[in-house]
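Peer 1: Okay, handing you the structure first.
Nothing in this text is a laboratory measurement; each read-out follows from the coordinates by a stated rule. The shown structure was predicted, so the numbers you read here are calculated from the model rather than taken from an experiment. Backbone-built Cβ (ideal geometry, glycine too); neighbour counts: all protein chains shown.
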Amino acid sequence: MVGHAGKGSKVKIVAVTACATGIAHTYMAAEQLEKTAKALGHQIKVETQGAMGVENELSEKDIREAQVVILAIDIEVEKRERFHSTRIIQVPIQEVIRNPKSVFEKIQPWP
Amino acid sequence: MLTNVRVAARADLKSVLSLIAAGISFGDCCAVRIDGVDEDAAGSTLRRFIEQELPKLDKPVALAPRTGALPTSFDVAGVEASAIRAHFGTPVSSGVGQGTAVIMSMIAIPRDGADGAADPVEERPRAELALRAVRAAIEKSLSGATAAEAAILSAHLAIASDISLATEIAARIEQGRSAFSAIAEAGESFAAVLRKSENEYIRERAADVEEICLLLLEQIQGTKLTPAPELAEASVVIAESLAPQQFLALNRIFLKGVVLETGSTTSHLSILARSLGVPMVAGVKDARTMTSPGKEILVDGTRGFAILEPAPEVRAFYEREQKSVTRREASLAARAKMPAMTRDGRVLEVAANITSAAEAVAAFEKGADGIGLYRTEMLFLERESAPSEDEQFAAYSAAVCGAGGKPVIIRTIDIGGDKPLSYLRLPAEANPFLGLRGSRIYAAHSELLETQLRAIARASALGPVWVMVPMVSSVEEVRWIKARLAGGIRLGVMIEVPAAAFMIDRLAAEVDFFSIGTNDLCQYFFAADRGNPNVARLASVRHPAFLAFLKETVARCRAHDKWIGTCGEMAADLRNIPLLLALGLDELSVTVHAVPAVKSRIRGLSVSECEALLDHALACESASDVDALLSPETPLLDAELVILDSACENKADAIRAMAEVFYAAGRTEDPELLEHAVTAREAIYSTGLGHGFAVPHCSSDAVKADSVGVMRLERPIDWGSLDGKPVQMILLLATRSSQKNGTHLRFFSSLARKLMDEEFRNQLMTVQDASAVVARLSRELEIGSG
């Protein structure tokens, strides 16, 4: 059951962050996504693919229930095929750190 | 007569040259034969030298191994590599210098084939006169020489006084050669033997022989054979090779660097260049033809190349580098001299152990807070009679004056059967370490001690002097000294016989301070000779039993409110510092070169953490359990890696400065590689995350341990940040690429997340000092691992 995400309504989001060295930006981006989602009243789960490997891994259920997946990545993500039937918003990590709200604005308007 | 069995070479033991020519390498088996009326005495002297002095003589030659690459940061400076005319060689003496090229011709022993029928009666005294004159000239130079110069001049004096060389010259004169030819041929024949050696160090000595012969020939001719060029402006001297005396003849005000075609890091010349701080590159092919006299040339003696007519960008790069080197040296020197204070505010004195007054000067330059042990034995060894009161006074007062008001602890003579003095006639003992030594010989040699105590008392007029007595096990021994020591001088005893530790209650009534001599105390405590490989492992200073003993000993001193330090090797091993800190000592006295590292280690510790660690160690079963407890990974954070007042003016400068901080703290051996790794990451996109923060990082084995460096700038600089604003706070995260440490990576990730929090950023931006940064970040570490 996929709900509608009208302006101002709560969206279920999954995200993956991954940067080149996996030391800093992967986690800064994850933090920004979580904080901003909370501020905007969205529900989000962020998987990090960094130097420690995959953490907070998205389950099949997480992905199935999500209305959108944000890929904040500088490198190719592992297991991209998981998202074949989910709407993908892909942005460079820098954008998430610089202006996280702009990333969420891409979710609206719902097509 | 010595025979090197491996190569069947023989040498006269009285001749330095013939000994060198015997080509003795480490591990060679040598036979020695001694004949003559004094053969017994000579034999025992030689035996003692071989057993006790020889092992201490060999100093490793400091090699500068990196070679063959332009600085990676030239890329940052925007210099096209192809535009740089660089000629590579071996870095010999570090530093950078620039000047006009001065090309020198090579030194060679001239030949004079014309003469054949000279009169030995006339030539003999000419050669002898020349030898005497050269020896006198070297001796004269010796009087004003620095330590490095003196070492070389002494070697030259040995050659000029060499019996084989004199014999060889005399033999040729008897055959009808002129004094000139005899010297030239004898010198050449010795040099030729040395040049054939398989050992590079010995091959280098050929240049010394040639140089001495040249000086002899100049004496005979009465003219300079190799005039030194007059330097009149900043100059770089280029030569095939250069003799030490030629080098010393150059005007050092204008000498900015040396480029040699031959030569290596072991030659006397390179030792001189290093001690005088003249940048030098050796082994540069065709150096004399690569440029012409008067052209500008830059010598990078650190990296090992010369650059012809350097472009303005290259000069600018080196000017910037010089600035940061100067800053680094100033900051290292300033930090070395600051007291060693733990993170929680306890100050521990770090003093130096010395054997001569000259070492005292070096000790205070390295930041020693005092002299914790002045071993006076060296004054008494290797001589026919005891040093006079005046001679001792001169030595002690030199150390006291060098200390500039800081205390100097002079230990009374510590001699025994293992270090016999011919003029004391100590009996040979089956077990000298348990025999007559230290204070135990004093009563039988009261005059010796009284002279020493008088000399010390006189020196005490010049600054604070404490007297320390070795090998004390009873109150009587202390009273004996006390009765002979002038009033007003603090008296202490070494705790090195276990019995003394259990006499502290009574000793404390007689003395002012105690110093634990861990070396002997440990081997007496375990009844195991540390020099005996079969039992050495039993005598570990980290054994829980020994630590318990130390704890008890310090507590007894504390109960009597007495000052207590330690002057054993235990304190020079950085692993032991947390334990020694927890024991509650007032002072650690260590070898001179260890002073800065010990101080810096103390600054990274906290007493409460160390006390917990000591409790753990005391509960261990064995020394190896304690070893394991003490050698955990290097901590990620260290106040040494935090700079809160950086004056860096741009991004490249700041990254380089941080790499140098890592280098200074021993986190990397290759700051350039670290700099390159960080710069390469920045090239992908700037790590300036906005709000005045940047998190440059790298995953590279350029770092020896995962580390966090922190730098706060006095003035914000451009970092190409995401928000376009300048950066003031830089956090450098460095992990090793080959070993991933989960705990450290966890910390990095939680730190990265935390940096998204404005309040946290504000706290970091306004912390007062380095330890507060470490404390604040450590709290994050606990969050990260918890």
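Peer 1: Please work out whether the stretch B:695-743 counts as rounded, prolate or oblate from its C-alpha gyration tensor, where a ≥ b ≥ c are the square roots of the eigenvalues and a/c under 1.5 means rounded, while otherwise a/b larger than b/c means prolate and anything else oblate?
Peer 2: Prolate.
Peer 1: If you count, for every residue in B:233-240, the Cβ atoms of partner chains within 10 Å of its Cβ, what is the mean?
Peer 2: 0
Peer 1: Now, a different point. By how many nm would the segment from B:Ala483 to B:His593 lengthen if fully extended, with 0.36 nm per residue of separation less the alpha-carbon distance?
Peer 2: Values: separation 110, 0.36 × 110 = 39.60 nm, distance 3.65 nm.
The B:Ala483-B:His593 span can extend by a further 35.9 nm.
Peer 1: What distance in nm separates the two pseudo spin-label positions at B:Ala509 and A:Lys10, each 7 Å out from Cα along the beta-carbon direction?
Peer 2: 8.3
Peer 1: What is chain B's relative contact order, in percent, from Cα pairs under 8 angstrom and six or more apart in sequence? Spell out each step's value before the answer.
Peer 2: Working: 1437 pairs, mean separation 72.6, N = 786.
That works out to 9 percent.
Peer 1: Once you order the gyration tensor axes a ≥ b ≥ c over the Cα atoms, which shape class does chain B get: rounded for a/c under 1.5, otherwise prolate or oblate by comparing a/b with b/c?
Peer 2: It comes out oblate by the Cα gyration axes.
Peer 1: For the pair A:Glu76 and B:Asp573, what calculated FRET efficiency results from E = 1/(1 + (r/R0)^6), where r is the Cβ-Cβ distance and R0 = 60 Å, to the nearest 0.05?
Peer 2: Calculated value: 0.75.
Peer 1: What full-extension length gain, to one decimal in nm, is calculated for B:Ser385 and B:Glu240 as 0.36 nm per residue of separation minus the Cα-Cα distance?
Peer 2: Here the answer is 47.3 nm.
Peer 1: Something else now. Tell me, in nm to one decimal, what length is gained between B:Arg85 and B:Ala683 on full extension, where the rule is 0.36 nm per residue of separation less the Cα-Cα distance?
Peer 2: Full-extension gain reported as 212.6 nm.
Peer 1: Can I ask one more? At 7 Å along Cα-to-Cβ for each site, give me the label-to-label distance between B:Thr766 and B:Asp625 in nm.
Peer 2: That separation, rounded to one decimal, is 4.9 nm.
Peer 1: Which shape class applies to the stretch A:67-108: rounded if a/c is under 1.5, otherwise prolate when a/b exceeds b/c and oblate if not, where a ≥ b ≥ c are the square roots of the Cα gyration tensor eigenvalues?
Peer 2: In terms of gyration-tensor shape, oblate.
Peer 1: How high is the FRET efficiency between B:Ser608 and B:Arg48 when r is their beta carbon distance and R₀ equals 41 Å, given to the nearest 0.05? Please report the intermediate quantities before stating the final value.
Peer 2: On the way: r = 50 Å, r/R0 = 1.21.
For B:Ser608 and B:Arg48, the calculated efficiency is 0.25.
Peer 1: Inside 10 Å of the C-beta atoms of A:78-84, what's the mean count of C-beta atoms belonging to other chains?
Peer 2: The mean count of partner-chain Cβ atoms within 10 Å per residue comes to 0.
Peer 1: If we count other beta carbons within 10 Å of each Cβ, what is the order of B:His268, B:His445, fewest first? Mind dumping the intermediate values first?
Peer 2: Working: B:His268 23, B:His445 18.
The most exposed by this proxy come first: B:His445, B:His268.
Peer 1: Counting only the backbone N, which residues of the stretch B:150-180 are under 17 Å from the spot 7 Å out from the Cα of B:Met1 toward its beta-carbon?
Peer 2: From the stretch B:150-180, the list is B:164.
Peer 1: Also, quick follow-up: Which ordering of B:Asp757, B:Asp645 is given by a fewest-first count of other beta-carbon atoms within 10 Å? Write down the numbers at each step before the final one.
Peer 2: Details: B:Asp757 12, B:Asp645 9.
Going from sparsest to densest Cβ surroundings: B:Asp645, B:Asp757.
Peer 1: While we're on this one: Over 32 Å between C-alpha atoms is what I'm after, so list which of B:Lys482/B:Lys599; A:Lys79/A:Lys106; A:Lys10/A:Lys79; A:Lys61/A:Lys106; B:Lys140/B:Lys295; A:Lys101/B:Lys740 land there.
Peer 2: From B:Lys482/B:Lys599; A:Lys79/A:Lys106; A:Lys10/A:Lys79; A:Lys61/A:Lys106; B:Lys140/B:Lys295; A:Lys101/B:Lys740, over 32 Å: B:Lys482/B:Lys599; B:Lys140/B:Lys295; A:Lys101/B:Lys740.
Peer 1: Okay, moving on. Taking a label point 7 Å from the Cα of B:Phe433 along the Cα→Cβ vector, which residues of the stretch B:479-503 have an amide N closer than 18 Å to it?
Peer 2: Residues B:495-500 qualify, since their backbone N sits under 18 Å from the label point.
Peer 1: Additional query: Could you please tell me the mean projected area of the C-alpha convex hull for the protein assembly as shown, averaged over all directions and given in square nanometres to one decimal?
Peer 2: For the protein assembly as shown, averaging the hull's shadow over all directions gives 46.9 nm².
Peer 1: Can you tally the net charge around B:Leu764? Count Lys and Arg as +1, Asp and Glu as -1, for every other residue whose Cβ sits under 9 Å from the Cβ of B:Leu764.
Peer 2: That works out to +3.
Peer 1: Rounded to the nearest 500 deg cm²/dmol, what is the calculated helix-only ellipticity per residue at 222 nm for chain B, with -39500 (n - 2.57) per DSSP H run of length n ≥ 4?
Peer 2: Roughly -13000 deg cm²/dmol at 222 nm, from the helical runs in chain B.
Peer 1: Moving to a separate point now. With a cut-off of 15 Å, note down the residues of the stretch B:532-563 whose backbone N falls inside the zone around a label point 7 Å from the Cα of B:Leu618 toward its beta carbon.
Peer 2: Within reach of a label on B:Leu618, which here means backbone N under 15 Å from a point 7 Å along Cα→Cβ, the stretch B:532-563 contributes B:543-559.
Peer 1: When we measure straight from the Cα of B:Lys14, which lysines land under 23 angstrom away, once same-chain ones fewer than 8 places off are left out?
Peer 2: B:Lys56, B:Lys59, B:Lys196
Peer 1: If R0 is 35 Å, what FRET efficiency do you get for B:Thr289 and B:Ala151 from their C-beta distance, rounded to 0.05?
Peer 2: The pair B:Thr289/B:Ala151 has a calculated efficiency of 0.55.
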